[in-house]
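Here's the structure we're looking at; comments come further down.
The values are calculated or read from the model by the stated rules, or taken from the named source; none is laboratory data. Just so you know, these numbers come straight off a predicted model, no measurement behind them. Neighbour counts run over all protein chains shown; Cβ positions are idealised from the backbone, glycine included.
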Amino acid sequence: MFDCKDVSEQTNNYIDGEVSLILRIRFMLHLFICKSCRAYIQQIRNTIMAISILEPKEKDDTDKSALVKTCLLYTSPSPRD
Ligand SMILES: [Zn+2]
């Protein structure tokens with residue numbers, strides 16, 4: 001019997017569509033009867049969606065050397081120390 005532990009172990013494969021047809025059917029049957037696992041899968045999908053939205057789509061053109069110099073300016077001990 002496919003149970004909650006199986007769902008947690010196969011979640012990534014299920015979401016990525018990398019499970020056999022039999023496993024997918026077992027997974028879906030379990031989700032049909034288990035509210036906790038349905039909520040878990042939805043939470044994982046929401047997290048994936050949030051991360052994909054937050055991921056930067058533009059090239060990072062930050063001047064890193066200037067950023068390091070600025071950080072050093074504010075973190076270096078002052079002459080009074
Ligand atoms: Zn379950």
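Filtered by the rule that a residue be under 21 Å from the mean Cα position of the chain (by Cα) and surrounded by 14 or more Cβ atoms within 10 Å (Cβ to Cβ), the range 2-22 gives Asp6, Val7, Gln10, Thr11, Asn13, Tyr14, Val19. Across the range 34-51, the number of residues qualifying as under 16 Å from Asp6 (Cβ atoms) and under 16 Å from the mean Cα position of the chain (by Cα) comes to 3.
Quick grid of which residues meet (1) charged (D, E, K, R); (2) at pLDDT 90 or above; (3) touching a helix residue (DSSP H, G or I) at 6+ places or on another chain (Cβ under 6 Å):
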residue	(1), (2), (3)
Ile25	no, yes, no
Ala39	no, yes, no
Ile53	no, no, no
Glu58	yes, no, no
Ser65	no, no, no
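The residue of the range 1-16 that is farthest from the ligand (Cβ to nearest atom), among those that are under 18 Å from Lys35 (Cβ atoms) and outside any helix (DSSP H, G or I), is Met1. The condition (being surrounded by 11 or more Cβ atoms within 10 Å (Cβ to Cβ), assigned to a helix (DSSP H, G or I) and away from the ligand (no atom under 16 Å from the Cβ)) is satisfied by just one residue among Ile25, Ile48: Ile48.
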